[in-house]
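Heads up: the structure comes next, in structure tokens.
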Amino acid sequence: MEQEQTGQAFYSQAKLYDRLFPGNEAAVAYYRAAAGSHGERVLELGCGTGHKLIPIAADGHRCVGLDFSPQMLAEARRKADERGVAVEWVQGDMGAFDLDGVFDFVFITANSLLHLHETEALVSCFQSVRRHLAPGGRFIFDVFNPSVRLLAEADGVRRTREAFADPARGAIRVDVAETYDSAAQVTRGIWSFSTESEPDFFTAPVDVRSIFPQELPLLLSRGGLRLIERFGDFAGRPFGADSSLQVCVCESA
């Protein structure tokens, strides 16, 4: 499975991941509202530790979360149990999945879709989504809008990206070295986590594809889906050249 091969090590550290990415509350609010508008059964692909799906389940929806990382799913299960929320957690590959029944709302967030690098893997994902969409259902995902300038700056030089506090280790610095493979449209990175006493205590590759705005509707069409709206942020502003985000609302074609 391509998705597993390109991200498994990074996502094996679920608690570390949650502290590095504590969550986008605007995204949580957006997907909760979207779930509320589109029906009872909800599926999140690449659900991670459940940051967005657990609040949706708490709103009363019947939720399934699929992720390839058993460590991320274990942390999601722990958090849901702690909150007293019922979610069905499934280990699987968003590039090709087969679940029981159909869903009124399917979503992928936080660039998780971009762990699928090959065109056929993306199309396969969209075909799987199409098979699982109930009549009138909606599929929404968000991915970054590629900046040619930023891609050109991926020169392989290691730079500090983030810093955060960890209860066990104290202050943690995250360094990233990235290069851009223009033929594959994939940014290949090495993420390194360090403390003062433990330099590079955890290092893992993270590779993400760029999906350019003009190719995105074509990929969806090959998967049996139709792009019906695209926003530039979670507040619903129109998508444009200066948008850093593509928030895509889709239906069955």
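The values are calculated or read from the model by the stated rules, or taken from the named source; none is laboratory data. Here the structure is a predicted model, which is why all the values come from computation and not from measurement. All Cβ positions, glycine included, derive from the backbone under ideal geometry; neighbour counts span all protein chains shown.
Remarks
- Any chance W89 is in contact (Cβ under 8 Å) with a residue 40 or more places away in the chain, in a strand (DSSP E or B), more than 25 Å from R226 (Cα to Cα) and assigned by TED's automatic domain parsing to the domain that holds D18: yes
- The condition of being more than 20 Å from the chain's Cα centre (by Cα) and over 20 Å from L16 (Cα atoms) holds for only one of T187, T203, T195, T179, that being T179.
- Selection count, region 101-123, where residues are out of contact with any Gly (no Cβ under 9 Å at 6 or more places or on another chain) and of a type in the set (A, V, I, L, M, F, W, C): 2
- Inspection of region 72-79 identifies at least one residue that is under 19 Å from the mean Cα position of the chain (by Cα), surrounded by fewer than 16 Cβ atoms within 10 Å (Cβ to Cβ), in a helix (DSSP H, G or I) and aliphatic (A, V, I, L, M).
- E198 vs. criteria free of Cβ contacts under 8 Å to residues at least 60 places away in the same chain and exposed (fewer than 13 other Cβ atoms within 10 Å of the Cβ): yes
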